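Everything below concerns the one structure shown next.
We did not get these values from a lab; they are worked out from the coordinates using the rules stated. Just so it is clear, the structure is predicted and the values come from calculations on it, not from any experiment. Glycine gets a Cβ as well: all are built from the backbone with ideal geometry, and neighbour counts include every protein chain shown.
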4 protein chains.
Amino acid sequence: MRVALAARNVGKLDALAAETKARAIACDAANPQQVAELFGSIDAPDLVVYNPSYRVRGPFLQLDPAEVLRTLTVTAYGGLLVAQEALKRMVPRGHGALFFTGASASVKGYAESAPFAMGKFALRGLAQSLAREFGPKNIHVAHFVIDGGIGKASDPRAAARGADGMLDPDAIAQTYMDVYRQHRSAWAFEVDLRPWAEKF
Amino acid sequence: MRVALAARNVGKLDALAAETKARAIACDAANPQQVAELFGSIDAPDLVVYNPSYRVRGPFLQLDPAEVLRTLTVTAYGGLLVAQEALKRMVPRGHGALFFTGASASVKGYAESAPFAMGKFALRGLAQSLAREFGPKNIHVAHFVIDGGIGKASDPRAAARGADGMLDPDAIAQTYMDVYRQHRSAWAFEVDLRPWAEKF
Amino acid sequence: MRVALAARNVGKLDALAAETKARAIACDAANPQQVAELFGSIDAPDLVVYNPSYRVRGPFLQLDPAEVLRTLTVTAYGGLLVAQEALKRMVPRGHGALFFTGASASVKGYAESAPFAMGKFALRGLAQSLAREFGPKNIHVAHFVIDGGIGKASDPRAAARGADGMLDPDAIAQTYMDVYRQHRSAWAFEVDLRPWAEKF
Amino acid sequence: MRVALAARNVGKLDALAAETKARAIACDAANPQQVAELFGSIDAPDLVVYNPSYRVRGPFLQLDPAEVLRTLTVTAYGGLLVAQEALKRMVPRGHGALFFTGASASVKGYAESAPFAMGKFALRGLAQSLAREFGPKNIHVAHFVIDGGIGKASDPRAAARGADGMLDPDAIAQTYMDVYRQHRSAWAFEVDLRPWAEKF
């Protein structure tokens, strides 16, 4: 399996790229031109995962509208741009998988966190719509509700949350791979993941 | 009750403004400056209803990203702009109501209609978040899922849908007023409305 | 409007019956024979509201299965019995309304409260199914999610919850009447009600 | 892995028991005594899957209440009985997994199918409650929404549904095993499964 990683700040990908022998590519997911270039620079993908999000939080009346707009464009509109480039390549080949990473905020709008809810709700709406349009074209579209903090056991924030109290990225990845390998007679659209002792 | 109506194309409001003796004000809800001017030109409101939406639909791979972005900004980001201006005036007075008009697409992403789902899902996330933040400040935030076509019995499209097969705008308005008049010990957050014989 | 009230323990209805000049009738909602007799003793109703519930809670491993079964039969199966008798009379007349009272537990299964969740989830499934079958027969089926404690301001438990911190029964009743009076072009199926400052 | 299979009609299990070298045990899941005996006859289990359901469907006014009650007891109350016996053995050992099989009817009450919706909604409420109570005790409780017909490609009903148009039982089982093997830092509570071209 060959992997390409993309991020606005490609420096952040160094360790992961080294570990996975993946290519790291700079890309702002909310920029149509950059997304097109990203896909132009790689082979037609079998699986595309959309993780990007941007968030501002705090008392609603203090939010800067420009920052909220950025939340919407990175978290949701970028998902649309990436989905178009990905599906453009998957549909002619007759297969592929397109996964979207959501959050607790995908299904619940928390106080003082409207922008993140707006972005993640929107991304879920996109994913549902794409699943209904492209499932019958043999493209597996799925949405994951990540309900909790993400971090390795070695993460400094982990101690306060008890053993296995943060979602280990490798554990999340395992479930993504499990879903990717599902037989098409029984595809999951939505999976929620949270640590065993997480309140929900 | 004094009413102000706003729309991008203010000419569309003529008949309604005449009927209700309301002021009609031109405003693009996705434009922060125009939204601020709108609220600056009226008295502090007791009830604000956010209806605007914009939609493009069709096969996903043919969607123009700029049009999708417009869907998001009019349908959801505009709701945030209006909510900020409205709440800025309601919170100091210690009361008010802020209602958002959703659609079937608020809770289900239909095939070939991703942009509308993105906008309406996002608006619902906004409404949930605001209800949680501003309910305890005595502001009634509610979200309505309008599940069906809207039109008077005289609407040319109504005949094909059977008697009372489209949501009468006056019937919708009645429920909005009912919810506006609710005692705060029993506020509704979400109400779904559809014609009696509508499939759902 | 003439009202009939039913409860297992009819003595509990004395005050309410006196206040509303309603008939009070003893009936165990989970008993088919008694439900049939109840409906046989009154005129064909325009509106029927199903409120009964029974609950046991506590650590799951300590629950008595017989008590759990009672939760299911009173909370959900009784709703079915009442719905059959009510609809039997409404369908031939071509109109009527059938309302079900749910709870927070209708949409969320809380720890140490499985039986109540089972009963209230089941009742909601019943209500959805009936709305889809009988809406097109001009019967308005609706379900209300009552999310909070119910009590008058004078209730001894109210003080601890702050002003209007419990759902006033009259406020709930007002919304039920509002929904009952809805024009059939815009019927609500589900309304959630909670005190203004309630966490959700 | 050693497997025990239980069904009311144990003859139905012959082929599967032969294939899997599993023990087949007669048990009516709605009978507390039989469920206790079932668990008394096997070793403490690591994973328990609750599949049983019973359904009646048809016009609501023609339903036999006794049959509806049977739907509730087999589909939901039996799940509670099995959960108690299973958890009684898992909690002291400090680990285990308890999976519940739902259906489309777990989340949507279809017309003319109220009893099945009642049973499956109730089972989902049970599963949610147990996940919240026993997750923090290291017991993985999960609920699967099986949205479509189940059958092997060789099933006579499969042809009418197109290639892979029914959920292959082996494919469902694969996802159950994937979820069983999840690391507890990222447990799924709910997974929906449907054939790739299924409408939803």
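State the number of lysine pairs found in chain D whose Cα atoms come within less than 29 Å, restricting to pairs 8 or more positions apart or on distinct chains. So the count works out to 15. Based on the alpha-carbon gyration tensor of region D:65-169 and its eigenvalue square roots a ≥ b ≥ c, which shape applies: rounded if a/c is under 1.5, prolate if not and a/b is larger than b/c, or oblate? It is oblate, given that a/c is not under 1.5 and a/b is not larger than b/c. With K and R counted +1 and D and E -1, the other residues having a Cβ less than 11 Å from that of C:Arg161 yield a net charge of -2. Sorted fewest first by neighbouring Cβ atoms within 10 angstrom, D:Arg132, D:Arg93, B:Arg57 come out as D:Arg93, B:Arg57, D:Arg132. Which distance in Å, rounded to a whole number, links the C-alpha centroids of region B:2-41 and region A:132-171? One Cα centre to the other: 45 Å.
To check you understand DSSP bridge types, tell me what percent of the beta bridges within the protein assembly as shown (both residues inside) are antiparallel, rounded to 5. Let's see the in-between values first.
Working: 10 of 94 bridges.
Once the DSSP bridges in the protein assembly as shown are tallied, antiparallel ones form about 10 percent.
Taken about its Cα centre, region A:108-167 carries a charge dipole of roughly 120 debye when the Cβ of each Lys and Arg holds +1 and the Cβ of each Asp and Glu holds -1.
Tally Lys and Arg at +1 and Asp and Glu at -1 over the other residues with C-beta under 14 Å from the C-beta of C:Pro45: what net charge comes out?
That works out to +2.
Between this copy and the others, label points of C:Arg2 are 5.0, 6.9, 8.3 nm apart in ascending order, each placed 7 angstrom from Cα in the Cβ direction.
Counted by Cβ distance under 11 Å from C:Pro136, the other residues give a net charge of +2, where Lys and Arg count +1 and Asp and Glu count -1.
Using a ≥ b ≥ c from the Cα gyration tensor of the protein assembly as shown (square roots of the eigenvalues), is it rounded, prolate or oblate, where a/c under 1.5 gives rounded and otherwise the larger of a/b and b/c decides, a/b for prolate?
Numbers: a/c = 1.57, a/b = 1.02, b/c = 1.55.
Oblate shape, in that a/c is at least 1.5 and b/c is the bigger or equal ratio.
Here region C:64-181 is assigned +1 on the Cβ of each Lys and Arg and -1 on the Cβ of each Asp and Glu. Its dipole about the Cα centre then comes out at about 460 debye.
Arranged by the count of other C-beta atoms within 10 angstrom, fewest first, what order do C:Ser106, B:Ser104, C:Ser113, D:Ser41 take?
Working: C:Ser106 28, B:Ser104 19, C:Ser113 22, D:Ser41 12.
With the sparsest Cβ surroundings first, the list reads D:Ser41, B:Ser104, C:Ser113, C:Ser106.
If you place +1 on the Cβ of every Lys and Arg, -1 on the Cβ of every Asp and Glu, and leave all else neutral, what size is the dipole of the protein assembly as shown about its Cα centre, to the nearest 20 Debye?
Values: 92 positive and 80 negative charges, 0 e Å.
Value, rounded to 20: 0 debye.
Note on chain B: along the principal axes its Cα atoms extend 46, 39, 35 Å, ordered by decreasing extent.
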